[in-house]
Amino acid sequence: MPLTAEAPPDRASPAPLADAPRVSRRRKALRPYLLSVPAVLLCAGILYPFFLGVSYTFFDFSAANPQPDVVGFDNFSTLLGSDAFWTSVRVTLVFALSATVLETVLGLGVALLLNRSSLIGKLFERVLIVPLMVAPILAAIMWKLLLLPEVGWVRPIANFFGVSNYNGTDSPVMAMVWAVVVDAWIFTPFVAIIALAGLRSLPKSPFEAASVDGASWWLTFRKLTLPMLWPYLLVAVIFRLMDNLKMFDVIFGLTSGGPGDSTTTLQISAYLEAISYARYSRGLTYMFLLWALVFVISMILVKYLRRIQDRAAGV
Amino acid sequence: MATIDVRSVRKTFGKLVALDDVSFSVNDGEFFCLLGPSGAGKTTTLKSIAGLVQPDSGEVWLGGQDAGDIEPNHRNLAMCFESYALYPQHNVFDNMASPLRSPVLRLPDAEVRERVGRTAEMLGVGHLLDRGVDQLSNGQRQRVALGRVLVRPANAYLLDEPLAHLDAKLRTSMRAELKRIAHGELNTTTVYVTHDYVEALSLADRIGVIKDGRILQVGTPQQVWDTPETAFVAQAFGKPRISFVSGGLVSDNGTIRFISSDGAITIPVPGLDTGAAAGESVRIGIRPRDLVLHTGAGDQPASHERLDGVVYVLEHLGRQTEVTVRIGESLVSVVAPRGDVGGLAVDDKVSLLLDPATVHVFGDSDDGRRLTR
Amino acid sequence: MGPTTETTTEPVVDPATSAPARTKPPAPPTTANQRRAQRGSAAGLLANLALILYFAFSLLPVLFIVALSLKTNAEQTTTYLWFTPTLENYQTVLGLGDGGSSYVRFFFASLATSTGAVLVSLLIGIPAAYAAARYRFKGSEDLMFTLLSFRFAPELVVIIPLGVIYQQIGLYDTIFGMVWVLQLVTMPLVVWILRSFFQDLPAELEEAALLDGYTRRQAFLKIVLPLVRPGIAAVCLLAFIFAWNNFIFPFTLTSGDAQTVTVSSLAFLGGNQVRFNLVAAGAVMAVLPPLVLALCIQRYLVRGLSFGAVKG
């Protein structure tokens, strides 16, 4: 049964090689660039305002002064010399670090509990992502109402546990505490989901070996689970820290930066300067410094993550 | 159908040199085997021919045309991938019909059905045409992948380990089938990549031995077996493997003899080429089947040298036995009929008979070049 | 990038050769944790209690806001759980009752900006993600990290100058202006996740298609795209959710026509008479679409949320 001998040459054989269309080496090398052109243009469209914004920090641009003059580093020196700025830095760091730590610890805990695969756990896993899918601004508003002494359920609960002077977010300390709690309410599931995926992908044999050796839960957790889970957890931590450093919605919706300046983070400060008071250059200087902070921290963390992941991959 | 010329192709991936000055040509209708260990650059060579890998330098010519600027889809080559590369969303029929329906061929439906059916029957997957790819065993997948190649006419077939994942029995019968198709019916130029020397010897018109991205030797099965260019090529063919003994050449009354490093083996080496001289350190290769286990009785042919040693290891392989004999510091393998080794035990004294004309002499390294004519 | 878990599809073995293995599946491996749970039921009880506590905390605000949204004006400032539920607030918010609002318009603005943003990201992102996954070329990583940096940049650093530009060229408070700026939200997500999907597909599939005689474009459309379609669908939904939930961009760059539901929810908080029940009803309606969509993409959630870094 010959396969090709019978086939009529006019149909079964393609055009001879001499007629084949040719594509030069240079055009082939160009291919990935052509595919990336739209994305590069989009980047340019985003980076242009960014660099424009950076250039504004050297002007005294505001709604009241639409024909700005170059002021050099005045905006920076004013800002770095002002108490308001350093308060903002402190508030930003306190909020971002406490929220990230709380979310990581809670998220890891929830993941460990869900990984035990109990019936309740299976049920809860389905609703785990609910807070994460609520728009942060709406979550903040929901909590704002929940915390309002005259409307929300928190006052009666507080009263039940014997707290008589409950006053919602009226005190500076409690405003920060609740802001962190609300942030954790939204984003703990984020950490939990990633940690859970990590836990479920861990190899079983080391744990069985540890179990056979009679290692305690704590020892297994500290020496085995945590190191193996760390590459996963670190991804979550980086995302959360970066997000929390620039968190706007939660704080704006819950406290708008108050009372006083107790929850005025850098983003809130920049918002107040640039949008509320229309002092664009001042606002942008805040933002540029925050951006620099986020950028430096993210660079360090991503480098660290890469190293950890390479080690986990056995490179 | 077409000739294939690979000319000084070099390809690097980062720091790794995958192909280093690879050159060979395949004649029209020839079945060419590329034999080498894993990581030797076999697949990269194949993909360079297909146009899937862009060489850093060097050229690939197809049918007398420089194919550098011709896209893979216009080269009219059919390739069977080692990973099968079957389309997971299609069933077996659609996978095999894919090249026939492509813009290059665009055969009418009836002919597509007829060709796919015929090829599938031939490969023993005719009953699987409606199956999804994920419902096949590895052996079945491999045959479908091969079917996707054989179903179509092509300038050349590029086959990357097409029998590697079949079980031993099926592999043997498929090898015979492939030989029949390739040499008899299709007569299509074929480049066949394998790490299995038996496949290469039985299928190929010519074999190219490749290692570390370099072609070591190209020749007919007879040539690579009889006159391996390097120690590595000699070692690539035959099981048990060729035995190597290191030593040096000395001049003895005008003839040159080989003496092993420990002096335990000394034999004349006729047929040395002009490049070899006394005093040179070399290694000799002795194929196990060129040795005869001398069981004491009987006479020794005049042309043969006698080597005395003790049994080191005995391995029974069915009707034959592989005996490893220690001669001084050297280990030499010999294959003997089961009956001849009946009373033999480890540490027994034995003699081996060797025709010096069958000894291969190489320079003393893994890349050592052949010094015998 | 990413601690990759094995995602290769396990080949189904020939039924003929694997019959014994099928009839007797290996017992599922029990982890040390599970075994201990069986041993100490007290620990198990404690764990369940902890879970219940967390989920009470997790669902309390949701239950509260739903309850509040069903309360009448008279009852809105009470914390009682016992009340006669009414849908009046929803009607009011949707503009069906007295004091009709433009909530429906906000809703459609959200829909238009989010859908538009996702579509633009897909059109631009698919080729870029494919190029980044399949080709090694200069600047590829730079482009990818520039896109990723958009995700982590404080939004106001772009918003303030962009607001000025938008005012000048008339994009302020337009759907198109929002679609453009929402690329900061959707684009990094789409490109990074799609790249990880493309990387998971063996390149030899496209190579086989090329040798079959298909062009690169055909190989992509016929072979690659169908295989990543579920992933693309999931990414679209996730990007849509994030665009929908975004607040700061519409809050600062729109005022009326292109204002979205997240911004409009604030409106009820202002004014001379605060209507908590209307705020609640508006919030519930704004939260529903992303919640429903999120249920469709559970499988891809981990990869989506971690930008492809964790494959889950």
Based on the alpha carbons, how large is the Rg to Rh ratio for the range A:203-256 when Rh follows Kirkwood? 1.31
Residue-averaged beta-carbon neighbours from other chains (10 angstrom radius) around A:178-189: 1
Under Stokes-Einstein, chain A at 37 °C and 0.692 mPa s, with its Kirkwood radius over C-alpha pairs, diffuses with a coefficient in µm²/s of 135 µm²/s
log10 I(q)/I(0), Debye, Cα-only the range C:103-305, no solvent, q = 0.14, 0.16, 0.17 Å⁻¹? -0.87, -1.05, -1.14
Can you return the aspartates and glutamates within cross-link range of B:Lys349? Criterion is Cα-Cα under 20 Å, with same-chain partners fewer than 8 residues away left out. B:Asp262, B:Asp290, B:Asp299, B:Glu305, B:Asp308, B:Glu315, B:Glu322, B:Glu329, B:Asp340
Work out which helices of chain A, taken as complete DSSP H runs, extend at least 20 Å along their axis over the Cα atoms and score a mean Kyte-Doolittle of -0.5 or more, then list them. A:25-56, A:83-114, A:172-201, A:226-245, A:280-312
How compact and how long is the range B:243-363, expressed as Rg and Dmax of its alpha-carbon atoms in Å? 14.7, 45
Could the peptides A:91-104, A:237-250, C:160-173 be put in order, highest first, of the mean number of other beta-carbon atoms found within 10 Å of their residues? A:237-250, A:91-104, C:160-173
Scale the Cα Rg of the range C:169-241 by the rule-of-thumb value 2.2 N^0.38 Å and send over the ratio, two decimals. 1.47
Using only the alpha carbons of the range C:201-312, determine the length spanned along each of the three principal axes and report them from longest to shortest in whole angstroms. 72, 30, 20
The Cα extents of the range B:152-211 along the principal axes, largest first and rounded to whole Å, are 28, 28, 17
Per residue convex hull volume, Cα only, the range A:52-133, in Å³ is 154 Å³
Can you give the Rg/Rh ratio of the range A:274-315, where Rg is from the C-alpha atoms and Rh is the Kirkwood radius? 1.39
Reachable lysines, given that their alpha-carbon falls under 20 Å from the alpha-carbon of A:Lys204 and they are not under 8 places away in the same chain: A:Lys223, C:Lys311
Rounded to the nearest 500, what is the 222 nm mean residue ellipticity of chain A from helices alone, with -39500 (n - 2.57) per DSSP H run of 4+ residues and division by all residues? -22000 deg cm²/dmol
For the range A:63-213, state the average projected area of the convex hull of the C-alpha atoms over all orientations, rounded to one decimal in nm². 16.6 nm²
Report the number of Lys pairs in the range B:4-229 whose alpha-carbons are under 29 Å apart, with separation of 8 or more residues or on distinct chains. 14
For the range A:195-315, list log₁₀ I(q)/I(0) at each q in 0.21 Å⁻¹, using the Debye formula over Cα point scatterers of equal strength and ignoring solvent, two decimals each. -1.12
Taking the range B:2-55, which trypsin sites (Lys or Arg not before Pro) meet the DSSP loop condition and have no more than 11 other C-beta atoms within 10 Å? B:Lys15
For the peptides A:31-42, A:254-265, what is the packing order when you average, over each peptide's residues, the other Cβ atoms within 10 Å and list the highest mean first? A:254-265, A:31-42
Answer rounded, prolate or oblate for the range B:155-306, using the Cα gyration tensor with square roots of eigenvalues a ≥ b ≥ c: rounded when a/c is under 1.5, else prolate when a/b is larger than b/c, else oblate. prolate
Assign one of three labels to the range B:82-190, namely rounded, prolate or oblate, based on the Cα gyration tensor with a ≥ b ≥ c the square roots of its eigenvalues; rounded applies when a/c is under 1.5, prolate when it is not and a/b is larger than b/c, and oblate otherwise. oblate
Compute the long axis of helix B:109-123 from its Cα atoms, compare it with the longest principal axis of the Cα atoms of chain B, and write down the angle in degrees, 0 to 90, nearest 10. 20 degrees
Within 10 Å of each Cβ in A:26-39, the average number of Cβ atoms from other chains: 6
Packing-based order for A:141-150, B:129-138, A:213-222, C:239-248, using average beta carbon neighbours within 10 Å, highest first: C:239-248, A:141-150, B:129-138, A:213-222
Reference-scaled alpha-carbon Rg (2.2 N^0.38 Å with N residues) for the protein assembly as shown: 1.23
Shielding by partners, peptide C:173-182 (average Cβ within 10 angstrom, other chains): 1
May I ask you to list the aspartates and glutamates whose Cα is less than 16 Å away from that of C:Lys222, ignoring any residue fewer than eight positions away on the same chain? B:Asp94, C:Glu204, C:Glu206, C:Glu207, C:Asp212
Cα-Cα pairs in chain B separated by more than 36 Å, as a whole percent of all pairs, come to 36 percent
Would you kindly calculate the translational diffusion coefficient of the range B:1-130, applying Stokes-Einstein with the Kirkwood radius from alpha carbon pairs, for 20 °C and a viscosity of 1.002 mPa s, and quote it in µm² s⁻¹ without decimals? 129 µm²/s
Alpha carbon centre of the range A:17-80 versus the range B:309-373: separation in Å? 73 Å
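Here, each number is a calculation from the coordinates, and none is a lab measurement. The structure presented is a predicted model; accordingly, all values stated were derived computationally and were not measured. Glycine gets a Cβ as well: all are built from the backbone with ideal geometry, and neighbour counts include every protein chain shown.
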